[in-house]
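Below is one structure, written out as structure tokens; comments come after it.
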Amino acid sequence: MTARQLRSAAREHGTPLVVIDHEVIRGNYAAFRKHLPRVQAYYAVKANPDPEIIRTLYQAGASFDVASLPEFMMVYENIRHLPAGQQQEFIWDKIVYANPIKPKETLRELDRYKPLVTYDNLSELRKIREYAPNAGVMLRLKVPNTGSVVELSSKFGCHPGEAVDLICQAFQMGLVVEGVSFHVGSQCTNFDNFVQALNMSAAVLAEAGSRGHEIKILDIGGGFPARYDRHVQPFGALARRINAEINRLFPRDMEILAEPGRFLVATAAAAVSRVIGKAVRDGKTCYYIDDSVYHTFSGIIFDHCPYHFKTFRRGRTEISAVFGQTCDGLDTISHAEELPELEIEDLVYSENIGAYSNASSTWFNGFPPAKVVHLNR
Ligand SMILES: *Cc1c(COP(=O)(O)O)cnc(C)c1O
């Protein structure tokens, strides 16, 4: 996606705009498969639930990780060319429901699809037994999230010491534990997290095996880092460590899945915005753009992700501030961007904004979410 393409898209469609390049999505998916050949990728839909992205990834061969009933139905509606008679197998091959906590109404709805769902505690297991007895279950383990940008281990995952009891309890209730899963935290650049999580999973599977429960699926979750900048090591380096542990710890016929979200889509989108106001405050130039942290730049708040701006102007740069269009003081996109002198109506753009961005757009202050356009569909 070139600057020129972004500018012409903005001229055609106006701003604020999100431009999604499907060629980049296909490239990210191919890189994932190439570097982790034993791992089937279940795209974590919450990173960016655009139906066009679902269709592109489905055509490329991906499966999907969903975390709510609407996400499940959205994926299901977009992919169901069901081979006759293979519905259950197809669902498990294509969708995992990986939110460990589910309302009973959701379980009741999901049951007819005989889905694969995660759990990490006994009350959830009782709920699944009552409302979705046809589901297969996967136990989510708590694993170290050290150094990951978005931490998840305080919210989800059973302590490794409880894991085998939770597996045995599920079998006693008549459910079948199909797999174990974990999540090392999002944007995980500390690769030791994966190594430790794989070793913890292997220990749990070995102990479950010694109690007579053979478990066939290992779900290594998400967290694969997007290369927002050069400080993030290339994916190949992480993949080599994961492959080495997988080959050392697990039998050949172990089915291994992952739930990459950010990795597949972060680099595939750019946001194009327009300068709608300009002021000098305390000696610093402040620009106001027609997007906000309540819209495409939500990742600043929810994803701890700094976004940087590029412009179509040249010239000496100075440290400037960029604010969103809403009246809220929280709506600060950057206190310190190196920008050339911009004028009202100038376009600016921000790359690598495909994950956890417009997915969380609101209508706050009456401003609608940015328009989305697709390249190379
Ligand atoms: C959010 C989430 C993911 C995706 O995480 P990324 O860091 O974007 O890869 C995967 N699995 C589960 C259960 C999640 O909640």
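Of the numbered conditions (1) open to solvent by less than 20 Å² (accessible area, probe 1.4 Å); (2) within 24 Å of D65 (Cα to Cα); (3) more than 16 Å from the ligand (Cβ to nearest atom); (4) touching a Leu at 6+ places or on another chain (Cβ under 7 Å), G236 fails exactly one; give the number of that condition.
For G236, the exception is condition (4).
Mind checking which strands (runs of 3 or more DSSP E) fall wholly inside the stretch 280-350 and carry at least 2 residues that are of a type outside the set (D, E) and free of Cβ contacts under 8 Å to residues at least 24 places away in the same chain?
332-340
Whether any residue in the stretch 144-165 is touching a Cys at 6+ places or on another chain (Cβ under 7 Å), surrounded by 20 or more Cβ atoms within 10 Å (Cβ to Cβ) and part of a helix (DSSP H, G or I) is what I want to check.
no
Return the pairs, sorted by first residue and then second, in which the second residue is at pLDDT below 95 and assigned to a helix (DSSP H, G or I), the first residue lies in the stretch 101-127 and is closer than 13 Å to S68 by Cβ and within 16 Å of the ligand (Cβ to nearest atom), the beta carbons are less than 8 Å apart, and the residues are 6+ apart or on different chains.
Pairs that qualify, where the first residue is closer than 13 Å to S68 by Cβ and within 16 Å of the ligand (Cβ to nearest atom) and the partner is at pLDDT below 95 and assigned to a helix (DSSP H, G or I), are P115/I91; P115/W92.
State the number of residues belonging to the stretch 214-233 that are open to solvent by less than 70 Å² (accessible area, probe 1.4 Å) and either touching a Phe, Trp or Tyr at 6+ places or on another chain (Cβ under 6 Å) or within 16 Å of the ligand (Cβ to nearest atom) (or both).
Total meeting the criteria: 12.
Looking only at the stretch 111-143, count every residue that is outside any loop (DSSP other than H, G, I, E, B) and more than 26 Å from I256 (Cβ to Cβ) and tell me the total.
9
Answer yes or no: is there a residue in the stretch 203-217 that is basic (K, R) and more than 20 Å from Y97 (Cα to Cα).
yes
Identify, from the list R55, R108, the residue that is surrounded by fewer than 21 Cβ atoms within 10 Å (Cβ to Cβ), at pLDDT 95 or above, in a helix (DSSP H, G or I) and in contact with a helix residue (DSSP H, G or I) (Cβ under 8 Å, 6 or more places away or on another chain).
Result of the check over R55, R108: R108.
The values are calculated or read from the model by the stated rules, or taken from the named source; none is laboratory data. Values in this document were obtained by computation on a predicted structure and should not be read as measured data. Neighbour counts run over all protein chains shown; Cβ positions are idealised from the backbone, glycine included. Note: areas computed on protein heavy atoms with side chains; ligands, DNA, RNA excluded. Shrake-Rupley method; radii C 1.70, N 1.55, O 1.52, S 1.80 Å.
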